[in-house]
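J.: First, the structure itself, so that you have it in front of you.
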């Protein structure tokens with residue numbers, strides 16, 4: 001008795017979107033389990049040309065896969081609530097073109113600034129919805145979009161280097177694996193042994209649309 005749902009075309013935010021859909025399913029069907037699998041072959045979009053944005057995309061993006069099992073019990077955090085923030089005016093900043101029939105990543109340099117702004121706005125929305133102050137958030141599970149995106153998000157949120165250490169570590173070791181990346185960051189947080197019962201976390205990823213997807217976590 002297996003039901004399946006395909007989540008696509010939401011880029012690096014697809015892992016968060018899939019977690020959102022899995023959470024909704026489990027709330028409608030208590031006692032069941034859901035397996036979220038994020039698999040990416042970003043190398044299929046490698047293109048060699050003279051554009052700087054192509055060189056940046058080729059350097060940052062990598063192949064990768066991650067999975068998360070959701071259900072009752074377990075040692076991971078609860079996904080308390082999901083939120084989505086859209087900025088349709090920024091739609092042209094990210095996506096694909098298809099020169100010669102092959103996918104080529106479109107990645108504007110403005111993403112670093114817009115991404116930081118949207119992460120800040122989405123975090124404020126998540127906290128306000130639950131009457132929390134930022135000081136209540138112990139863990140920031142931020143998508144490892146790129147070095148400058150992480151830095152702008154850190155600055156906009158007023159976080160310290162330790163708050164983004166997991167995101168930086170995943171980027172340094174694996175690169176940006178699109179939808180799988182934020183799950184790698186969550187795994188790194190969980191593997192650290194630092195979360196304690198009652199701790200809050202905020203998990204966020206960016207994707208085309210332009211959109212920020214986020215969730216409040218609680219251990």
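The values are calculated or read from the model by the stated rules, or taken from the named source; none is laboratory data. These numbers were taken from a predicted model, which means no experiment stands behind them. FYI the Cβ positions are ideal-geometry reconstructions off the backbone, even for glycines, and counts take in every protein chain you see.
J.: May I ask you to list the residues in the stretch 22-80 that are more than 22 Å from residue 11 (Cβ to Cβ) and buried (at least 18 other Cβ atoms within 10 Å of the Cβ)?
T.: The answer is 77, and nothing else.
J.: In the set 172, 156, 148, which member is surrounded by fewer than 18 Cβ atoms within 10 Å (Cβ to Cβ), within 25 Å of residue 108 (Cα to Cα), within 18 Å of the chain's Cα centre (by Cα) and modelled with pLDDT under 95?
T.: Numbers: 172 fails: modelled with pLDDT under 95; 156 fails: modelled with pLDDT under 95.
Every option except 148 fails the conditions.
J.: OK, next. May I ask you to verify whether residue 128 is surrounded by fewer than 17 Cβ atoms within 10 Å (Cβ to Cβ) and under 15 Å from residue 214 (Cα atoms)?
T.: Details: surrounded by fewer than 17 Cβ atoms within 10 Å (Cβ to Cβ): yes; under 15 Å from residue 214 (Cα atoms): yes.
Criteria met by residue 128.
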